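Single-structure report; data block below.
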Amino acid sequence: MSAVDTTRIKAVIPAAGIATRFLPATKAVPKELFPVIDRPVLQHVVEEAAGADIRDILLVTGRGKTSMVDHFDRRPDLEQRLIDRGNTARLSAIMEPADLAEIYTCRQAEPLGLGHAVSYAESHVQGEPFAVLLADEFTDPNDKLLSRMIDLQAQTGGIVLALLEVPRDEVNRYGVAAIEQTDETDVVRVTELVEKPEIDEAPSNLILIGRYILPSAIFDAIRVTGPGKGGEIQLTDAMARMLADGTPVHGIVFRGTRHDTGEPGGYLRTIVELAMQRDDLTSFKEWLTNFVAQQGEG
Ligand code: G1P
């Protein structure tokens, strides 16, 4: 349980993108609804938020992605059918998403970037600090990353980011932070932020993973942030502007498990990693072990 009353903190999940890396699969199906075994990616993300006691979530959707919202709605017809069949396990499984949090939605009319998507949350968060969770990655709620970030933001009043150490040759795909150590293990002071730098120009190999706690002043910063990398309005650029203006920016260096489902390789790894933890999938584990052994022999 967090030391702060996190039930007041709202979360924003930007999920309007087209996911070109998964085309043609994402032509009609949002990547956020791709299954990780039997739950969509987005449910894992909402579960992570719920694990930090966040109960109010704004989903920023886009054209053709309304089915994401349906997943968090009740399905009385299906519920009745499962009741009639006495299938209580599946019944509670289909009711679970609707119980996790209150889901609100709005539409990002044009995909103009992550900063632009976050700007849609301004009226919803009502001047309070809020969390941003990117919809194609999630961490294990047992790692308590979000709760720690919320507590830290309550102490600093500034921006709190989740950082992850990656091999140097991957930094150009992410926002990157330059840091200074603090007295607290895993908590660092951020001194510079760059969106997708060239590998040899990156200030470190600490990347921003898709978890942010932001003060509401971010909206003013986004308003005056022009297009950056890829011609998009970048959240990283708006945060860099606040940093330059004196807003404290801290990072928690995350050492737990992050599942990145945003590209096919990471998506497949996520499925296998989670399958290996499931007691009801032992036959899959046996199959995979044999399969890998056979590939090694071949
Ligand atoms: C976004 C952010 C980037 C961050 C990344 C994390 O990039 O712009 O700063 O490091 O998410 O996944 P995208 O993956 O949308 O290109």
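Every read-out reported here was derived from the displayed coordinates using simple, explicitly stated rules and does not represent laboratory data. Here the structure is a predicted model, which means the values were calculated and not measured. Glycine also receives a Cβ, built like all others from the backbone with ideal geometry; neighbour counts cover every protein chain displayed.
Per DSSP helix of 4 or more residues, -39500 (n - 2.57); summed, then divided by the residues of the chain. What does that give at 222 nm, rounded to the nearest 500? Don't skip to the end; give the middle numbers.
Values: 11 runs with 104 residues, N = 298.
Result for the chain, helices only: -10000 deg cm²/dmol.
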Original post:
Considering the chain as a Gaussian network with a 10 Å cut-off on Cα pairs, which listed residue, Gly64, Gly86, Gly157, attains the greatest mean-square fluctuation?
Top reply: Gly86
Subject >> Table column - 3J(HN,Hα) (Hz), the stretch 109-120, Karplus curve with 6.51, -1.76, 1.60, x for Gly and Pro >> reply: 5, 9, x, 9, x, 5, x, 4, 4, 5, 4, 5
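Looking at the chain, how many pairs of lysines come closer than 17 Å at the Cα, when each pair is eight or more places apart or spans two chains?
Numbers: Lys10/Lys144; Lys27/Lys65; Lys31/Lys65; Lys196/Lys229.
Qualifying lysine pairs in the chain: 4.
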**OP:** Pop a pseudo-label 7 angstrom from the Cα along the beta-carbon direction at both Ala25 and Thr185 and give the gap in nm to one decimal.
**Re:** 3.8
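Sorted by packing (mean other beta-carbon atoms within 10 Å per residue), highest first, where do 253-266, 207-220 land?
207-220, 253-266
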Subject >> Percent RCO, i.e. relative contact order, over the chain, from Cα pairs under 8 Å lying at least 6 residues apart >> reply: 21
Original post:
Using 0.36 nm per residue, how much length does the chain from Lys229 to Glu110 gain when fully extended, once their Cα-Cα distance is taken away?
Top reply: 41.2 nm
Original post:
Any idea what the relative contact order of the stretch 41-194 is, in percent, if you count C-alpha pairs under 8 Å spaced at least 6 apart?
Top reply: 26
**OP:** Give me Glu195, Glu102 ranked fewest to most by other Cβ atoms within 10 Å of their Cβ, as a rough exposure proxy.
**Re:** Glu102, Glu195
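Which net charge results for the neighbourhood of Ile222, defined as the other residues with beta-carbon distances under 11 angstrom from its beta-carbon, given Lys and Arg at +1 and Asp and Glu at -1? Working shown, then result.
Working: positive: Arg223, Arg241; negative: Glu122, Asp220, Asp237.
Taking every Cβ under 11 Å from that of Ile222, the sum is -1.
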**OP:** Would you pull out the residues with amide H under 5 Å of Ile179's amide H, same chain only if 5 or more places away, H placed 1.01 Å from N?
**Re:** Thr191
**OP:** Let me know the Rg and Dmax you get for the stretch 197-298 when you use only its Cα atoms, in Å.
**Re:** 20.5, 59
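Run through the DSSP bridge list for the stretch 1-112 and note the antiparallel percent, rounded to the nearest 5.
15
Arranged from highest to lowest average of other beta-carbon atoms within 10 Å per residue, in what order do the peptides 38-45, 75-82 appear? Don't skip to the answer; put the middle values down first.
Working: 38-45: 21.2, 75-82: 12.4.
Ranking the peptides 38-45, 75-82 by packing returns 38-45, 75-82.
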Subject >> Cut-off 15 Å (backbone N to label point 7 Å along Cα→Cβ of Asn87), residues of the stretch 8-51 >> reply: 38-39
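Relative contact order for the stretch 144-284: what percent, with Cα pairs under 8 Å and sequence separation of 6 or more? Intermediate values should be presented prior to the final figure.
Working: 232 pairs, mean separation 40.0, N = 141.
Relative contact order here is 28 percent.
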